[in-house]
Every structure is written in C-alpha cells, then in structure tokens.
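Undergrad: One structure, pasted below without further comment.
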Amino acid sequence: MTMIMVSYRRVDQDIAGRIADYLVGKYGEKSVFLDVNSIRTGANFVDRITKAIIASNVVVAVIGPQWIGTAKDGKSSRLADPADSVRFEIETALKHNKPILPLLVNGATMPM
C-alpha cells in the first residue's frame, strides 16, 4: 500500500487539506497522513510524525510563500530553529531516506 505524508506550515493548511483530500480520493484514506486528520488529541506529536514518516513512501512538502518563515528574533528563518516542526519533518524524512516531493503553492518559489 502506498503511504503519503503531507508536510506543511499552518499558514498553508487550507491548500494542504485540499491536496490531502485529492490524494485520499486517489489512494484511499489509510494511505494519506495529514496531522490534523491523523493525530488524535493528546497523542505524542513527535512520535506520531516520526512513525508516519518512517511508514511513508513519499513526503509531500507543501511549500507556500511563507514556508521558510522568519524566526521570532526576526533575523533568521524558522527553518534555522531546531525546534521548528517543518524542519523536524524534513530532517526526519532525509534521515530515513524518504523521497521528498516539493509542491509549490500560492506563487511560492523554490527555497534556496
């Protein structure tokens, strides 16, 4: 069975949800992991995300214009923060040799 993890920033939640809905229609509900639909309230977020990525065949990284983001200090990007959830998801996918499919949305350009 194909497993697809959808990674996104909260600012892109609406479009990530539509992407997940499309993938569910194509591959079935049990084949798509979207955190808001797949993690029960009170569950360990880091543990569930890690398990989902390990079980996935591919991670779809939904990249909107604010994907890199600005850190709270205003000087660095959110991706530079080791505690950033998107950074954690991408690092975990890379660590486990999972293909990452960048999907540019809302006029975003590929981050450098």
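Undergrad: One residue is enough: does segment 34-47 have a residue meeting the conditions touching a Gly at 6+ places or on another chain (Cβ under 8 Å), at negative phi and not in a helix (DSSP H, G or I)?
TA: Yes, because at least one residue in segment 34-47 is touching a Gly at 6+ places or on another chain (Cβ under 8 Å), at negative phi and not in a helix (DSSP H, G or I).
Undergrad: Among the residues that make up segment 25-42, is at least one of them at pLDDT 90 or above, small (Gly, Ala, Ser) and within 24 Å of residue 96 (Cβ to Cβ)?
TA: yes
Undergrad: From the list 2, 50, 41, 70, which residue is over 18 Å from residue 110 (Cβ atoms), within 15 Å of the chain's Cα centre (by Cα) and either among the β-branched types (Val, Ile, Thr) or open to solvent by 80 Å² or more (accessible area, probe 1.4 Å) (or both)? Reasoning before the result, please.
TA: On the way: 2 fails: within 15 Å of the chain's Cα centre (by Cα); 41 fails: within 15 Å of the chain's Cα centre (by Cα); 70 fails: within 15 Å of the chain's Cα centre (by Cα).
After ruling out the rest, the residue left standing is 50.
Undergrad: Now for a different question. Answer yes or no as to whether residue 27 is surrounded by 12 or more Cβ atoms within 10 Å (Cβ to Cβ) and either in contact (Cβ under 8 Å) with a residue 60 or more places away in the chain or under 21 Å from residue 110 (Cα atoms) (or both). Before you say what the answer is, go through the steps one by one.
TA: Values: surrounded by 12 or more Cβ atoms within 10 Å (Cβ to Cβ): yes; either in contact (Cβ under 8 Å) with a residue 60 or more places away in the chain or under 21 Å from residue 110 (Cα atoms) (or both): no.
Against the criterion (surrounded by 12 or more Cβ atoms within 10 Å (Cβ to Cβ) and either in contact (Cβ under 8 Å) with a residue 60 or more places away in the chain or under 21 Å from residue 110 (Cα atoms) (or both)), residue 27 does not qualify.
The values are calculated or read from the model by the stated rules, or taken from the named source; none is laboratory data. Everything quoted here is computed from the prediction, not taken from an experiment. For neighbour counting, all protein chains shown are included, and Cβ atoms are generated from backbone atoms with ideal geometry for every residue, glycine included. For accessibility, only protein heavy atoms count, side chains too; no ligands or nucleic acids. Shrake-Rupley method; radii C 1.70, N 1.55, O 1.52, S 1.80 Å.
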